[in-house]
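Asker: Quick one: the structure is below, and I'll ask about it shortly.
The values are calculated or read from the model by the stated rules, or taken from the named source; none is laboratory data. As the structure is a computational prediction, the values presented were derived from the model and not from experiment. Using ideal geometry, Cβ is built from the backbone for each residue, glycine included, and neighbour counts are taken over all protein chains shown.
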Amino acid sequence: MTGSRHALSLRWRLILLIVFVTGLPAATGVMVARHQTRNVLDVVLTPQLDHALDAGVRQARQGYQAARSDLAATAETLAASWQTGGDDSEARRDRFATAVSDRLDTTDRAELQGPTGQRIILQPGVAEGPAARSPDGPPQFVVASTDLGEGWRLELTRSLDTAWRDDAALLADTLQMVRSLRLARGWLERSFTWLPILVAFVLALGGGLVAATRLGSGITEPVNRLVAGTEEVAAGRWHVQVPVERHDELGRLSEGFNTMVRTLDLQSRRLVDLQKMAGWREMARALAHEVKNPLTPIQLTVEEIRARYPGGDPEYEALLQECTRIVIEEVESLRSVVARFREFSRPVELAPIPTDLGQLVRDVAALQRDLRVDVRVARDLEPVPADADRLRQVLMNLASNAREATHGVTEPQLDVVVETVGTQALIRMEDNGPGVPVDERERIFEPYRTGKTGGLGLGLALVKGIVLAHGGTIVVDEGRLGGARFTISLPRRPAPPNEEQNHGG
């Protein structure tokens with residue numbers, strides 16, 4: 001539960017950090033955008049612009065009024081020529097039309113409107129039906145009319161200059177835009193500041209939350225596994241290993257955790273084995289001492305009895321000699337047992353040098369006569385610090401056990417593999433014998449446990465002591481051939497000095 005709370009807290013801290021990192025630039029962007037928007041609007045809506053637009057409007061109006069006044073003056077002049085005609089005959093209208101043609105441009109339009117509603121086109125210079133103003137822009141025409149008398153009117157229409165109309169239209173649009181900007185200034189400031197920034201902030205925040213969730217899960221899940229693994233180790237379950245699914249710092253941390261747990265498991269097993277070995281040696285030392293002390297008096301007493309017999313009874317003398325011989329032989333046998341106990345009770349002393357394990361295994365394999373030995377040595381194998389004589393003793397002992405285990409097998413076989421795994425060099429020896437029962441595998445290295453008739457059960461105990469003295473381990477399980485497989489693990493670097501001796505007493 002503690003690990004879950006820590007993981008949740010770490011995840012939320014990451015999410016809040018992303019929110020803060022996202023929100024801080026967004027708030028800064030809002031202030032900057034608002035300031036810039038105000039500056040732009042101040043430039044666009046400057047009073048100088050109003051003055052310029054007002055001046056433009058005045059000039060446009062003046063241009064329109066000047067064109068209108070000029071056309072009205074022309075109409076008055078033409079009206080004077082009509083009145084000087086003297087009659088209303090067709091000849092007068094013709095003379096008037098000539099006068100109109102002389103005074104007006106070809107683009108101007110002149111029309112007479114009679115008292116009875118008649119309409120006489122004197123000069124059709126512009127489009128028929130002139131309008132005073134286009135519906136969506138400045139005026140297109142200027143119109144002037146004058147009364148000729150007797151119910152007659154003269155109406156003149158002149159098309160305004162195109163450039164003037166374009167300028168007037170641009171002026172009108174600009175004026176409308178400025179007025180719209182003034183009316184919508186507050187809305188513009190909000191829309192150009194808050195709305196885009198809010199949208200950007202929401203998008204950034206959403207992306208940040210997704211990224212934070214994935215990042216948080218990617219960090220907290222390996223951390224949770226490491227915490228759970230640590231709790232397992234604290235509970236004494238050394239077999240735990242966490243999955244390594246990444247190749248970054250967390251992945252390397254998981255690999256380091258797994259290596260640490262394996263190393264701790266190895267060291268704890270070695271420590272237990274060393275403590276057991278120390279106890280066994282102490283017991284062997286005490287046993288050798290207790291057995292050795294009475295042996296010499298027993299032998300001397302028996303020899304004294306035999307020497308003091310005066311003779312005279314051949315049958316008794318023969319019995320005495322036989323009994324004396326048996327006792328002395330058994331005493332010598334006990335002395336041999338005591339010597340072996342004393343050898344086992346002494347700590348293993350090593351003289352380590354760089355040793356080629358592959359060559360050492362090949363030498364031992366060459367000495368075997370009743371076994372078909374198959375040796376495989378890894379190409380990347382490097383010399384390891386070891387006592388070659390002591391390791392040869394180990395390998396010979398294991399080969400001897402394999403030979404005895406495969407006695408009666410049609411084709412006895414021993415496979416030996418030498419390779420490196422991480423910081424360890426491994427020697428695997430397996431035979432095709434009956435193997436070791438599962439319930440006996442943990443105790444097979446204990447002294448005084450043997451399946452041989454007349455054996456003391458010290459062989460594998462001595463093997464384990466030598467391996468422990470090298471800073472290694474030895475285990476037994478079932479091999480691929482169906483028999484026993486012994487795996488010796490030796491450090492590729494020197495073991496701590498006197499470690500086995502310190503535990504061995």
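Here is a yes/no grid of residues against (1) touching a Phe, Trp or Tyr at 6+ places or on another chain (Cβ under 6 Å); (2) surrounded by 15 or more Cβ atoms within 10 Å (Cβ to Cβ); (3) at pLDDT below 75; (4) outside any helix (DSSP H, G or I):
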| residue | (1), (2), (3), (4) |
| --- | --- |
| Met177 | no, no, no, no |
| Thr193 | no, yes, yes, no |
| Gly208 | no, yes, yes, no |
| Thr213 | no, no, yes, no |
| Arg237 | no, no, no, yes |
| Ser254 | no, yes, no, no |
| Met260 | no, no, no, no |
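Asker: Determine, yes or no, whether Ala402 is in contact with a strand residue (DSSP E or B) (Cβ under 8 Å, 6 or more places away or on another chain), over 24 Å from Pro494 (Cβ atoms) and outside any loop (DSSP other than H, G, I, E, B).
Answerer: yes
Asker: Related question: Do the conditions hold for Leu250, that is, is it part of a helix (DSSP H, G or I), surrounded by 14 or more Cβ atoms within 10 Å (Cβ to Cβ) and over 32 Å from the mean Cα position of the chain (by Cα)?
Answerer: no
Asker: If you scan segment 375-405, which residues turn out to be surrounded by 19 or more Cβ atoms within 10 Å (Cβ to Cβ) and over 50 Å from the mean Cα position of the chain (by Cα)?
Answerer: Asn401, Ala405, listed by residue number.
Asker: Identify, by number, the condition in (1) assigned to a helix (DSSP H, G or I); (2) hydrophobic (A, V, I, L, M, F, W, C); (3) crowded, with 16+ Cβ neighbours inside 10 Å that Val348 doesn't meet.
Answerer: Going through (1) assigned to a helix (DSSP H, G or I); (2) hydrophobic (A, V, I, L, M, F, W, C); (3) crowded, with 16+ Cβ neighbours inside 10 Å one by one, Val348 breaks only (1).
Asker: So which of Gly408, Gly433, Gly459 is without any contact (Cβ under 8 Å) to a residue 40 or more places away in the chain and over 46 Å from the mean Cα position of the chain (by Cα)?
Answerer: Unique residue meeting the criteria: Gly408.
Asker: Take Arg372 and tell me if it is surrounded by 13 or more Cβ atoms within 10 Å (Cβ to Cβ), more than 18 Å from Arg492 (Cβ to Cβ), among the basic types (Lys, Arg) and in contact with a Pro (Cβ under 9 Å, 6 or more places away or on another chain).
Answerer: In short, yes.
Asker: Return the pair list, or none, for Cβ contacts closer than 7 Å from residues in segment 354-367 that are touching a residue at least 40 places away in the same chain (Cβ under 8 Å) to residues that are in a loop (DSSP other than H, G, I, E, B), at least 6 apart or on different chains.
Answerer: What qualifies is Leu357/Leu381; Gly358/Leu381.
Asker: Any residue that is modelled with pLDDT under 85, within 60 Å of the chain's Cα centre (by Cα) and not assigned by TED's automatic domain parsing to the domain that holds Leu468 - is there at least one of those in segment 294-308?
Answerer: no
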